[in-house]
Amino acid sequence: MNVQEQESFREFVAARSPALLRTAVLLSGGDRHAGEDLLQNALVRAAGRWQRIDEPEAYVRRILYRQQVSRWRLKWPRRELAVAEPPERAASGDGTSAAELRIVMRGALAKLTARQRTVLVLRYFEDLPEAEVAAVLGCSVGTVRSTTHRSLARLRTLAPELARLDAPAGHRACGSPDFSPVEA
């Protein structure tokens, strides 16, 4: 990699890392450290082919998705189980502040399988159509649809308070078909 390509890569990493990290953390079930590892591995792979990449962000995102798919296909996945629960909170107002909703959502997402979480991240956080999600994951559109349906149903079971709430301005409700599990 020549000096100009190195500088281009550094600029890309500086500009796009926060958005890429959010996606990586979501794909990793809310585990920031695992998300950082996922992103770092993707950037290392991209750096090796930097001079041949036409669309760097799309390329790095595809690496993220494929690495995550590889992780959940492992026969013996390396999973860490978070056991600490948030402390009891005093009832205040309706008890549904944005921070509380994010905590509930993060906990519910962490309880989904890696495949379910990946499908939801691709569909609703990345806003990819079903056909593109199917292409990224190497499965049929019908599999994406059924996995999305089962994943949303499981989210509603794990966090019923999300389904009962009216979504804040700019967000969709968990009970609606276009529910977005995270803030953009």
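The values are calculated or read from the model by the stated rules, or taken from the named source; none is laboratory data. Note that the structure is a prediction, hence the values are computed from the model and not measured. Heads up, the Cβs are rebuilt from the backbone with ideal geometry, glycines too, and the neighbour counts pull from every protein chain shown. The protein model used for the area step is the full one, side chains on, heavy atoms only, and it has no ligands, DNA or RNA in it. Shrake-Rupley method; radii C 1.70, N 1.55, O 1.52, S 1.80 Å.
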**OP:** Of all residues in segment 21-33, count the ones that are without any contact (Cβ under 8 Å) to a residue 24 or more places away in the chain, over 9 Å from the mean Cα position of the chain (by Cα) and farther than 14 Å from Val60 by Cβ.
**Re:** 2
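Yes/no matrix, rows are residues, columns are (1) in contact with a His (Cβ under 7 Å, 6 or more places away or on another chain); (2) among the β-branched types (Val, Ile, Thr); (3) surrounded by 15 or more Cβ atoms within 10 Å (Cβ to Cβ); (4) at pLDDT 85 or above:
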{"site": "Ala91", "(1), (2), (3), (4)": "no, no, no, no"}
{"site": "Val104", "(1), (2), (3), (4)": "no, yes, yes, no"}
{"site": "Tyr124", "(1), (2), (3), (4)": "no, no, yes, yes"}
{"site": "Glu132", "(1), (2), (3), (4)": "no, no, yes, yes"}
{"site": "Gly138", "(1), (2), (3), (4)": "no, no, no, yes"}
{"site": "Thr143", "(1), (2), (3), (4)": "no, yes, yes, yes"}
{"site": "Ser151", "(1), (2), (3), (4)": "no, no, yes, yes"}
**OP:** Inspect segment 43-51 for any residue being closer than 30 Å to Ala108 by Cβ, open to solvent by less than 70 Å² (accessible area, probe 1.4 Å) and part of a helix (DSSP H, G or I) and give the result as yes or no.
**Re:** yes
Subject >> Qualifying position, being in contact (Cβ under 8 Å) with a residue 40 or more places away in the chain and farther than 16 Å from Ala114 by Cβ, among Val69, Val60, Val44 >> reply: Val60
**OP:** Enumerate the pairs (first residue in segment 1-16 and part of a loop (DSSP other than H, G, I, E, B); second residue anywhere and among the small types (Gly, Ala, Ser)) with beta-carbon separation below 8 Å, excluding pairs fewer than 6 apart on the same chain, so at least 6 apart or on different chains.
**Re:** Met1/Ala47
**OP:** Could you tell me whether any residue of segment 164-183 is surrounded by fewer than 19 Cβ atoms within 10 Å (Cβ to Cβ), under 27 Å from Tyr59 (Cβ atoms) and modelled with pLDDT of 70 or more?
**Re:** no
Original post:
Is it true that some residue in segment 69-77 is surrounded by fewer than 14 Cβ atoms within 10 Å (Cβ to Cβ) and at pLDDT 90 or above?
Top reply: no
**OP:** Hey, can you tell me all the residues within segment 110-122 that are in a helix (DSSP H, G or I) and surrounded by 19 or more Cβ atoms within 10 Å (Cβ to Cβ)?
**Re:** Gln116, Arg117, Thr118, Val119, Leu120, Val121, Leu122
